[in-house]
Every structure is written in C-alpha cells, then in structure tokens.
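Worksheet: the structure to be examined is printed underneath.
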Amino acid sequence: MGFDHTHSTPATCAVSDKLGRPLHDLRISVTDRCNLRCTYCMPEEHFGDKYPFLQRRDLLSFEEIVTVARAVASMGGVKLRLTGGEPLLRKNLSVLVAMLHDIPGIDDIALTTNGILLPQFAQELRDAGVRRVTISLDSLNEATFAKISGRPIKPTSVLEGIDAARAAGFGAVKVNAVIQKGVNDEDIVPLAAQFRGTGVVMRFIEFMDVGTLNGWNRKNVVTGAEMVARISERYPLEPIAPNYHGEVATRYRYTDGQGEVGFIQSVSQPFCGNCSRLRLAPNGELYTCLFGNQSHPLKPLFEDGADEDAVRDHIHSIWSGRKDRYSEIRTEHSASANRVEMYHIGG
Ligand code: SF4
C-alpha cells in the first residue's frame, strides 16, 4: 500500500503499531565507538583494542540519516535523540544536527553522551539545534567511576562536561546513572545531593539485561522504589506528574523545593505500554525495541537507490507490524536470549 506523497506538510500519515502505540521518537546511534568501556554496555573484555568496530563505509551517511528522520517525521515522529556508542566521536556531528533541525515536524533534538568531550562541542551543538542533553555519570567516587567506565578517567571530567552543557544554555540538562547493587548503589544519595538545587535533573536507571555481555542478574537490580526510599531518608521526595505521555522516567520532587529527580524502572515498573521509540543503528539497521533481536537493515534499500517514499513505506510496514513489550514479559529465561548490544543502538 503506497502513500499519498503529495503531502508536503509533516505528520501526515501517523502510524501505530499492533498495540496501538504511535511512532513518536527516533533514536539515532551515529557511531558504535566509544571512549569509555562501561561494564553494563561495552565491557573491556569483549571490546578490546582489536574489536572490529564498524568502518566508515559501513555507516549511514548524514544524508541517509536525514532521509530516515524525514520519513519518520512524515509519520508523526517529532523527537530525535542522538546517541552511540559515544556520539561526540562522530566527526562533524553539529553538521548533522543542523540538517536534522531543518526537517519540518521535528520539534525536539536531544543528545545522550558520556560528557567527556562536551567542553569541546557543547556550544556548537547547541547552536546547531540540540535542545536537550543527557549525560551519563554513574559515580562521583574516583575508584568506582574508573571501575565502571573501564578507563582511568576521573568523574571530574564528566562534571566539567555538565558545566559546559549548562554554560552552552541547553533547554534541559539531565544526568543518568545506572545503579548496580554492590557496585555503585552507595552513590545514589551522593549523586542526588550533587545536583539538588542546580536545575540539573538527576535520573537513576535500574540495571537492565540489555544485550548479552553485561552479566545481568536480577539480584543486582536496585529497584526505583528502593532508590526513592534511600533518598527520601535524607531528602524527602513526593511524586509529580510526567512531562508528557510516554515519558520514560518516573518523576519526583524534593519537598523542600530543591528540584526534581527521576527513576527509569524498566525491570520493576515496565513502561512498554507507551513505548513509541524506534532505534536506528549506525549501519542503518532498525530495531523496534531496546531488547530486540531482529534488525531491519536499510542500507540495502539505499544501495538500491531508494528514495524517501520507499524508506517511508518500509518503516511504515515495520512499525505497523511491531508488538514488542520485552520488559513486560521478561523472565529468567528471556534474560539469556540473544539480543542487540546496547553500544550498537544506544540506551
Ligand atoms: S522493552 Fe522494548 S517495548 Fe518495552 S519500553 Fe523498552 S524498548 Fe519499548
């Protein structure tokens, strides 16, 4: 079934999946490379110096990425998030941002980064059109940070990145920490304290069985409820309403007015019911779920000279056939199944 391609305005052919979830967000992983080796994503023992990362010829070009984003925008997609690997390692990223910013219908471009290179790129990315930035920081403790990140880098490098993001004037700056029991759960309250009253929103992520290499075990999960309880002992919290329908984080605010904190609870409080996220890997593979094990390659279409209409039709058929809800059906058995690695599609 083709489309009425006369539509020039965006959001003309909204599409929903088998569970009635509209396509709303596109997460674009622009590289599979990273300058860190976080244990829950890209453990060093699997991703050493000789690891065969994607070569330049394997990557989608900026033009191809824009074609995918335009197609998604024409089907109701409004939010783009740039991720990786570490997206700031992709050369001329702000050029891509400017191209994406010009797409009619796209009203929000966000970036997820480990923050290390932000002092170098924050201002140009802001000027090019990135509105919101999320920075990963799993610990303020030097030893714990080095252990988790797999690199002899200090958390101060990330704090400098956060300062650069704030100085660049992004609409929102958030900090994410993946909490693992017995690894960095002692950091929950210190991280909350670090960003209270600063306008930076701290968000705590339950340890997830993303990919197949991070040694996930449910007993190492600290649930959102436990984290709320720990913080509340020191800084009382109260729940607040989501910013928008389908927001991933559960929001709380400090009762003393010192800002808010969020919890991403994919294990204890799955949120698949509102999941409107499509993921694009650097080599053009589409995934309809963070825990997906089936990819939909787009590169062959581009190599066959596909235009935006053909790409839109292809994505439309993928999304309308989607019925993923991994977190809702996660079992001890599913935890061992084959899944795409996080570094390949970003969180
Ligand atoms: S598990 Fe998959 S379907 Fe559920 S919220 Fe995450 S990405 Fe969406």
| said: Restricting to the stretch 296-332, name every residue that is open to solvent by 40 Å² or more (accessible area, probe 1.4 Å) and either in contact with a strand residue (DSSP E or B) (Cβ under 7 Å, 6 or more places away or on another chain) or within 11 Å of the ligand (Cβ to nearest atom) (or both). | reply: Pro297, Lys323, Asp324, Arg325, Glu328, Ile329
| task | Just need a number here: residues in the stretch 245-266 that are in a loop (DSSP other than H, G, I, E, B) and not hydroxyl-bearing (Ser, Thr, Tyr). | result | 10
| Picking from Glu233, Glu206, Glu226, which residue would you name as being farther than 20 Å from Val173 by Cβ, loosely packed, with under 13 Cβ neighbours inside 10 Å and either away from the ligand (no atom under 16 Å from the Cβ) or touching a residue at least 60 places away in the same chain (Cβ under 8 Å) (or both)? | Glu233
| message | On the basis of being hydroxyl-bearing (Ser, Thr, Tyr), touching a strand residue (DSSP E or B) at 6+ places or on another chain (Cβ under 7 Å), modelled with pLDDT of 95 or more and open to solvent by less than 40 Å² (accessible area, probe 1.4 Å), does Ser16 make the cut? | response | no
| request: Filter the stretch 234-272 for residues that are of a type in the set (S, T, N, Q), in contact with a Gly (Cβ under 7 Å, 6 or more places away or on another chain) and farther than 19 Å from Leu290 by Cα and give the result. | output: Gln258
| For the subset of the stretch 245-295 comprising residues that are away from the ligand (no atom under 14 Å from the Cβ), closer than 24 Å to Arg218 by Cβ and under 16 Å from the mean Cα position of the chain (by Cα), which member is surrounded by the fewest Cβ atoms within 10 Å (Cβ to Cβ)? | Gly262
| query | Which is open to solvent by 10 Å² or more (accessible area, probe 1.4 Å), touching a Ser or Thr at 6+ places or on another chain (Cβ under 8 Å) and modelled with pLDDT of 95 or more, of Arg21, Arg27, Arg70? | reply | Arg27
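The values are calculated or read from the model by the stated rules, or taken from the named source; none is laboratory data. Small disclaimer: the values here were computed from a predicted structure and weren't measured. Cβ: placed from backbone, ideal geometry, glycine included. Neighbour counts: every protein chain shown. Areas reflect the complete protein model, heavy atoms only, side chains present, ligands, DNA and RNA absent. Shrake-Rupley method; radii C 1.70, N 1.55, O 1.52, S 1.80 Å.
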